[in-house]
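The block underneath contains the structure these notes are about, expressed in structure tokens.
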Amino acid sequence: MSADGASGTGILRTLFRSELGGHEQVVLCQDRASGLKAVIALHSTALGPGLGGTRFHAYPGEEQPEEAALMDALNLARGMSYKNAMAGLPHGGGKAVIIGDPEKIKTEELLLAYGRFVASLGGRYVTACDVGTYVQDMDVIARECPWTTGRSPERGGAGDSSVLTAFGVYQGMRACAQHLWGAPALRGRTVGIAGVGKVGHHLVGHLLEDGARVVVTDVRPEAVERVRSSHPEVEAVADAAALVRFDGLDVYSPCALGGALDDESVPVLTAQAVCGAANNQLAHPGVEKDLADRGILYAPDYVVNAGGVIQVADELLGFDFARAKAKAAKIYDTTLSIFERAAADGVPPAAAADRIAEMRMANGGPGGEGPGKSGS
């Protein structure tokens with residue numbers, strides 16, 4: 001990142017832009033010995049310590065990857081505040097981005113250096129896995145930072161949080177089915193999943209068990225082959241552009257990186273509903289209205305993909321999978337209530353969810369609980 005005065009002023013203006021959500025704290029981290037460059041963004045601690053994953057990403061094609069990483073961290077941290085509020089968790093929103101290709105630069109030394117930066121926040125930020133980081137990485141980070149979740153069961157952790165992320169997205173799809181077709185089931189419906197990595201792979205299993213027809217795509221051919229080797233009945237298409245146009249698609253499920261719903265994809269989307277695991281699926285404000293104008297039901301991403309954060313938050317209590325799964329199952333009821341609120345208020349579901357989350361953050365939680373108290 002350039003150190004000249006003009007660039008520095010631009011970065012400060014970015015950090016204080018009100019439309020980004022008014023973040024409480026942003027930490028720029030650099031450790032020359034390990035090559036670490038990272039951004040930690042804390043959006044809000046109104047409901048408790050910020051909780052959110054660590055993304056390890058290279059931002060290919062960006063002329064200024066550091067600034068792209070900063071924007072990503074800011075947007076993701078804001079999303080975590082809303083996600084945790086809607087999930088009824090005693091946590092605010094935070095997110096971290098480690099800049100670089102994890103396949104090339106991820107080392108134990110780098111992860112330990114990152115852990116020291118997280119620890120320096122004294123518990124204001126609790127980290128976990130995200131794109132490019134895994135359970136074994138959290139075990140390393142935890143050696144320097146006690147505020148680390150998503151660790152392996154052998155280290156007292158909850159393990160892979162994608163398990164309940166996928167389960168929660170499936171519950172959101174059941175709510176879509178109930179709202180659109182009068183029954184909470186996907187049997188006989190066609191679901192297209194864009195991205196079959198950690199979460200998407202688990203989601204395929206839930207849908208097949210429910211009797212759905214599943215069509216997938218992924219930028220990595222090996223991810224598609226992994227799914228089809230265990231589930232040969234799954235169909236594949238070339239790319240996301242082909243998937244959004246797939247004839248007879250009932251539900252479109254973006255499960256890769258954000259921005260999947262934009263001015264190019266929404267006009268040609270054949271699905272009646274969108275429900276996926278990706279964060280920040282709406283490329284820009286106004287896309288939610290475009291979906292509503294086309295009669296496409298949108299399940300807000302931060303509501304339906306909250307199963308993972310529910311799982312890692314439970315780790316802080318002494319992990320109990322059955323307890324965490326029971327909480328994640330409530331995503332079905334939460335999603336249905338948002339559709340009902342949207343209809344009553346005459347607004348898209350994304351706007352209805354935002355209103356509920358903002359009220360909870362302003363009032364201290366569901367029902368007006370203060371920070372640090374768990375909600376329903």
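Could you check how many residues of region 136-182 are touching an Asp or Glu at 6+ places or on another chain (Cβ under 6 Å) and β-branched (Val, Ile, Thr)?
2
Among the residues of region 59-88, count how many are of a type in the set (A, V, I, L, M) and in contact with a strand residue (DSSP E or B) (Cβ under 7 Å, 6 or more places away or on another chain).
Residues flagged as of a type in the set (A, V, I, L, M) and in contact with a strand residue (DSSP E or B) (Cβ under 7 Å, 6 or more places away or on another chain) within region 59-88 amount to 7.
Only residues that are of a type in the set (Gly, Ala, Ser) and within 22 Å of the chain's Cα centre (by Cα): list them for region 175-188, please.
As a first pass, look at region 175-188 and keep what is of a type in the set (Gly, Ala, Ser): 175, 177, 182-183, 185, 188.
Ala175, Ala177 - these are the residues of region 175-188 that are of a type in the set (Gly, Ala, Ser) and within 22 Å of the chain's Cα centre (by Cα).
Quick check on my filter: what residues within region 290-309 are part of a helix (DSSP H, G or I) and without any contact (Cβ under 8 Å) to a residue 60 or more places away in the chain?
Hits for region 290-309 are Asp290, Leu291, Ala292, Asp293.
Looking only at region 189-215, how many residues end up being under 19 Å from the mean Cα position of the chain (by Cα) and either hydrophobic (A, V, I, L, M, F, W, C) or outside the structural domain of Leu269 (by TED's automatic domain parsing) (or both)?
Number satisfying all stated conditions: 6.
For region 267-289, give me the residue count where each residue is in a loop (DSSP other than H, G, I, E, B) and surrounded by fewer than 16 Cβ atoms within 10 Å (Cβ to Cβ).
Total meeting the criteria: 3.
Of the conditions (1) touching a residue at least 24 places away in the same chain (Cβ under 8 Å); (2) surrounded by fewer than 21 Cβ atoms within 10 Å (Cβ to Cβ); (3) closer than 24 Å to Pro349 by Cα, Glu264 satisfies every one except a single condition; which number is it?
(1)
Go through region 141-164 and report how many residues are in contact with a Cys (Cβ under 7 Å, 6 or more places away or on another chain) and on the phi < 0 side of the Ramachandran plot.
Count: 1.
Taking the criterion of being in contact with a Pro (Cβ under 9 Å, 6 or more places away or on another chain), at pLDDT below 95 and not aromatic (Phe, Trp, Tyr), would at least one residue in region 4-27 satisfy it?
Narrowing region 4-27 to residues in contact with a Pro (Cβ under 9 Å, 6 or more places away or on another chain): 19.
When the remaining residues are screened for being at pLDDT below 95, the result is 19.
Now drop any that are not not aromatic (Phe, Trp, Tyr), which leaves 19.
The answer is yes; a qualifying residue exists.
Okay, residues lined up against (1) of a type outside the set (Ser, Thr, Tyr); (2) buried (at least 24 other Cβ atoms within 10 Å of the Cβ); (3) in contact with a Gly (Cβ under 9 Å, 6 or more places away or on another chain); (4) modelled with pLDDT of 95 or more:
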{"residue": "Arg155", "(1), (2), (3), (4)": "yes, no, no, no"}
{"residue": "Ala166", "(1), (2), (3), (4)": "yes, yes, yes, yes"}
{"residue": "Gly172", "(1), (2), (3), (4)": "yes, yes, yes, yes"}
{"residue": "His179", "(1), (2), (3), (4)": "yes, no, no, yes"}
{"residue": "Ala183", "(1), (2), (3), (4)": "yes, no, no, yes"}
{"residue": "Arg187", "(1), (2), (3), (4)": "yes, no, yes, yes"}
{"residue": "Gly192", "(1), (2), (3), (4)": "yes, yes, no, yes"}
{"residue": "Glu209", "(1), (2), (3), (4)": "yes, no, no, yes"}
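For Leu186, indicate whether it is in contact with a helix residue (DSSP H, G or I) (Cβ under 7 Å, 6 or more places away or on another chain), assigned by TED's automatic domain parsing to the domain that holds Ala342 and assigned to a loop (DSSP other than H, G, I, E, B). Write out each step before concluding.
Numbers: in contact with a helix residue (DSSP H, G or I) (Cβ under 7 Å, 6 or more places away or on another chain): yes; assigned by TED's automatic domain parsing to the domain that holds Ala342: yes; assigned to a loop (DSSP other than H, G, I, E, B): yes.
So Leu186 fits the description; yes.
Would you mind finding the one in Val312, Val251, Val244 that is surrounded by 21 or more Cβ atoms within 10 Å (Cβ to Cβ), touching a Ser or Thr at 6+ places or on another chain (Cβ under 6 Å), farther than 25 Å from Lys95 by Cβ and in contact (Cβ under 8 Å) with a residue 24 or more places away in the chain?
Criteria check complete, one pass: Val244.
Kindly indicate whether any position in region 58-66 is of a type in the set (Phe, Trp, Tyr), at pLDDT below 95, in contact with a Pro (Cβ under 6 Å, 6 or more places away or on another chain) and in the same structural domain as Asp137 (by TED's automatic domain parsing).
yes
Can you pull out the residues in region 189-208 that are in a helix (DSSP H, G or I) and among the aliphatic types (A, V, I, L, M)?
Val199, Leu203, Val204, Leu207, Leu208, listed by residue number.
Which of the residues that make up region 215-236 are touching a residue at least 24 places away in the same chain (Cβ under 8 Å) and not in a helix (DSSP H, G or I)?
Within region 215-236, Val215, Val216, Thr217, Asp218, Val219, His231, Glu233, Val234 meet the criteria.
Hey, among the residues in region 59-118 that are surrounded by 24 or more Cβ atoms within 10 Å (Cβ to Cβ) and of a type in the set (Phe, Trp, Tyr), which one's farthest from Leu257 (Cα to Cα)?
Tyr114
The values are calculated or read from the model by the stated rules, or taken from the named source; none is laboratory data. Fair warning: this is a prediction, and the values are worked out from it, not measured in the lab. Cβ coordinates were reconstructed from backbone atoms using ideal geometry, including for glycine residues, and neighbour counts include every protein chain displayed.
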